[in-house]
1. Out of (1) without any contact (Cβ under 8 Å) to a residue 60 or more places away in the chain; (2) touching a Ser or Thr at 6+ places or on another chain (Cβ under 8 Å), the odd one out for MET82 is which?
2. Looking only at region 98-115, which residues are aliphatic (A, V, I, L, M), in contact (Cβ under 8 Å) with a residue 60 or more places away in the chain and either touching a Phe, Trp or Tyr at 6+ places or on another chain (Cβ under 6 Å) or farther than 17 Å from ALA40 by Cα (or both)?
3. Report, ordered by the first and then the second residue, all pairs with beta carbons closer than 8 Å, sequence separation of six or more or different chains, a first member in region 34-55 that is more than 19 Å from THR90 (Cα to Cα) and without any contact (Cβ under 8 Å) to a residue 60 or more places away in the chain, and a second member that is open to solvent by 10 Å² or more (accessible area, probe 1.4 Å) and among the basic types (Lys, Arg).
4. Just the residues that are among the acidic types (Asp, Glu) and assigned to a strand (DSSP E or B), please, taken from region 24-70.
5. Pull up region 48-67, narrow it to residues that are farther than 17 Å from GLY99 by Cα and of a type in the set (A, V, I, L, M), then point me to the one that is most open to solvent (accessible area, probe 1.4 Å).
6. Are any residues in region 88-114 of a type outside the set (Phe, Trp, Tyr) and touching a Lys or Arg at 6+ places or on another chain (Cβ under 7 Å), and if so, which ones?
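The values are calculated or read from the model by the stated rules, or taken from the named source; none is laboratory data. Worth saying up front: this structure is predicted, and the values here are computed from it rather than measured. When we count neighbours, we look across all protein chains shown, and the Cβ atoms used for this are built from the backbone with ideal geometry, even at glycine. For accessibility, only protein heavy atoms count, side chains too; no ligands or nucleic acids. Shrake-Rupley method; radii C 1.70, N 1.55, O 1.52, S 1.80 Å.
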Amino acid sequence: QVHLVESGGGLVQPGGSLRLSCAASGNIFSINAMGWFRQAPGKQRELVATIANRGSTIYADSVKGRFTISRDNAKNTMYLQMNNLKPEDTAVYYCKAQGEVSGYWGQGTQVTVSS
């Protein structure tokens, strides 16, 4: 089992920045990759960014150049630095850890971009 706890969400004005954190505990050695997903009201959950154990990253086109995913393996923590935020980035953001067989989700953190 892997337990994930997100933090760092909040209310920010358009053009502002936030950094989300996802702290992992439990059987972290089973994790192959981690990622951030988001779900806006009335929409399906969508991929934001992923990072593999060796550091390779993938980003959704909508966030390329604005968001940066990273990991601190010593702290068992993944981050999502979000810059130049737009109202359409408003959503609940979830972190996910993917093992060989199972995937694990955090509880989510709300990000609201509004003036």
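1. Condition (1) is where MET82 drops out.
2. Of everything in region 98-115, just one residue is aliphatic (A, V, I, L, M), in contact (Cβ under 8 Å) with a residue 60 or more places away in the chain and either touching a Phe, Trp or Tyr at 6+ places or on another chain (Cβ under 6 Å) or farther than 17 Å from ALA40 by Cα (or both), namely VAL111.
3. That search, which allows pairs on different chains as well, returns ILE51/ARG71; GLY55/ARG71.
4. Within region 24-70, GLU46 is the sole residue that qualifies.
5. It comes out as ILE58.
6. If the condition is that a residue be of a type outside the set (Phe, Trp, Tyr) and touching a Lys or Arg at 6+ places or on another chain (Cβ under 7 Å), then ALA91, VAL92, GLY103, VAL113 are the ones that fit.
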